[in-house]
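Reviewing the structure listed below.
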Amino acid sequence: MEFFNKLGKKASEAYQATKEKASDISEEIKIKNKINNLEEKVYEIYAEIGEKVYNEIKDGKDVSKEEISGKCEEISSKKDEMSRLHAQLLTLKKMKKCVNCGEKLDIDAEFCSKCGTKQPKTENVEVQENPEEGTKDAEVIEINDVEENKKDSNEENK
Ligand SMILES: [Zn+2]
């Protein structure tokens with residue numbers, strides 16, 4: 001019975017943590033909006049480049065590289081901004097991407113669960129300003145562990 005009480009307690013703690021995540025979720029929406037806006041702008045620039053190239057080719061001119069490369073730089077800087085925002089989004093969800101294959105991993109993961117690549121320390125990621133929250137997350141993760149242990153012990157006992 002103690003096991004179930006423990007599980008119930010963990011679940012309510014998880015619920016509490018979820019409630020506290022509400023502000024994170026609105027932050028998440030803000031970041032996603034920013035990413036969407038940037039993506040739209042990138043496609044607008046792609047279209048501008050396409051139109052320029054089309055017109056110049058149509059008129060039998062050489063495509064002027066200077067004009068196009070300026071637009072390309074704009075796209076690159078927007079893409080940089082987008083990947084920065086994507087990283088922020090993952091940090092918000094206490095996640096990170098594998099440096100090798102891009103698999104989404106827990107922020108504390110030392111190795112990739114997919115390709116096994118050792119992950120660099122994530123000290124530069126600003127996330128641990130609230131140590132209490134970190135503790136709760138660790139307990140939430142434990143729920144899965146408990147369930148796995150339950151399965152394991154059942155198999156052993158039978
Ligand atoms: Zn990987």
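Computed from the coordinates by the stated procedures, all read-outs in this text should not be read as laboratory data. On a predicted model such as this, the values are computed, not experimentally measured, just so you know. As a convention, Cβ positions derive from the backbone with ideal geometry for all residues, glycine included, and neighbour counts pool all protein chains shown.
Observations on the structure shown:
- Qualifying GluC sites (Glu not before Pro) for region 23-110 [loop in DSSP, other Cβ within 10 Å: at most 13]: E110
- The trypsin sites (Lys or Arg not before Pro) of region 27-90 that meet both conditions, a loop assignment by DSSP and at most 11 other Cβ atoms within 10 Å of the site Cβ, are K61.
- In sequence order, region 28-42 has phi-based couplings of 4, 5, 4, 5, 4, 4, 4, 4, 4, 4, 4, 4, 4, 4, 4 Hz under the Karplus curve 6.51 cos²θ - 1.76 cosθ + 1.60, θ = phi - 60°, and Gly or Pro positions carry x.
- A Cβ-based charge dipole, computed about the Cα centre of region 43-88 with Lys and Arg at +1 and Asp and Glu at -1, lands at about 160 debye.
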